[in-house]
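K.L.:
This is the structure I have questions about; it appears just below.
Here, each number is a calculation from the coordinates, and none is a lab measurement. Here the structure is a predicted model, which means the values were calculated and not measured. Using ideal geometry, Cβ is built from the backbone for each residue, glycine included, and neighbour counts are taken over all protein chains shown.
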Amino acid sequence: MNFTPDTFTEAIPEGIVKEPILSKERVRLSSTHPPTLGVVLAGGRARRMGGEEKWRMQIGRFTILDRVLDRLRPQCDNIVFNSNSDSSAAPHGLTVVADSVPDYPGPLAGILAGLDWAAQNAPRISWLVSVPGDCPFLPRDLVVRLHQAQSEGDATLACAESAGRRHPTVALWPIRLREDLRLAITTERMRAVHQWTARYPLAVAAWNGAPIDPFFNVNTPEDAAEAAALAARYPDA
């Protein structure tokens, strides 16, 4: 079944939590920038969560993945889901792309998996946006602002920043760099995203971190409880 924004909202009884229905009247934004594929990065082992897949965690009425997709779908031409878990088969009808490099080499491998999928399956798409699968409050203007920063800065890549902190895995990548990235991961054994992006001109798109940091990520049960409290306090965030 293909996912639509209403798929996960209509099955939830009204009035459980005072949060707005997701994506009911969300304006599609993907026509305002070059064709872009989104990749949700969920290929790690979630050790700090005892191995539980973070994207499945409930934040208020919705899972983290529900919230990620609600924000990302209007901004992207398609979305793939990077996971190395057998239990993650096609969540919400998404195409699952596993790392092609063994032994959990980190988010760079998930980005490479997305770049490879785009090159093989969506030749008209020349850009990829990556987001972690544990960020429930992503900006609704993420993709257009990353494209704007890249274009205005005449840069090769663009990444997000909030409250003075950069988020290397929330970034815009040209598909044409996939072989360079493959070489860096497999031959140079590179693992840190910021080390690879340092090789290229990098633009930064900055967001205010208040009242909620849009790149708040859930790494622990305490983070999940904090995210649920923030979602209840700021239902439109």
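K.L.:
Under the Kirkwood approximation applied to all pairs of distinct alpha-carbon atoms, what is the hydrodynamic radius of the stretch 30-233 in Å?
P.N.:
The answer is 17.0 Å.
K.L.:
Something else now. Under 5 Å between amide hydrogens, which residues at least 5 positions from V204 or on another chain qualify, with H placed 1.01 Å from N in the peptide plane?
P.N.:
Hits under the 5 Å cutoff: C159.
K.L.:
Modelled label-to-label distance, E188 and D103, 7 Å Cα→beta-carbon offset: nm?
P.N.:
1.9 nm
K.L.:
Here's a follow-up. Under a Cβ-Cβ cut-off of 12 Å, what is the net charge of the residues other than L146 that fall near it, where Lys and Arg count +1 and Asp and Glu count -1?
P.N.:
That sum, taken over residues with Cβ under 12 Å, equals -2.
K.L.:
Still on this model: What list of ³J(HN,Hα) values in whole Hz, one per residue of the stretch 140-153 in order, does the Karplus curve 6.51 cos²θ - 1.76 cosθ + 1.60 (θ = phi - 60°) give from phi, with Gly and Pro shown as x?
P.N.:
7, 10, 4, 5, 5, 6, 5, 4, 4, 5, 4, 5, 5, x
K.L.:
By its C-alpha gyration tensor, with a ≥ b ≥ c as the square roots of the eigenvalues, how is the stretch 129-233 shaped: rounded for a/c under 1.5, else prolate for a/b larger than b/c, else oblate?
P.N.:
Numbers: a/c = 2.67, a/b = 1.55, b/c = 1.72.
Oblate, since a/c reaches 1.5 and b/c is not below a/b.
K.L.:
Sticking with this one: Quick one: Cα centre-to-centre distance for the stretch 95-127 and the stretch 138-208, in angstrom?
P.N.:
15 Å
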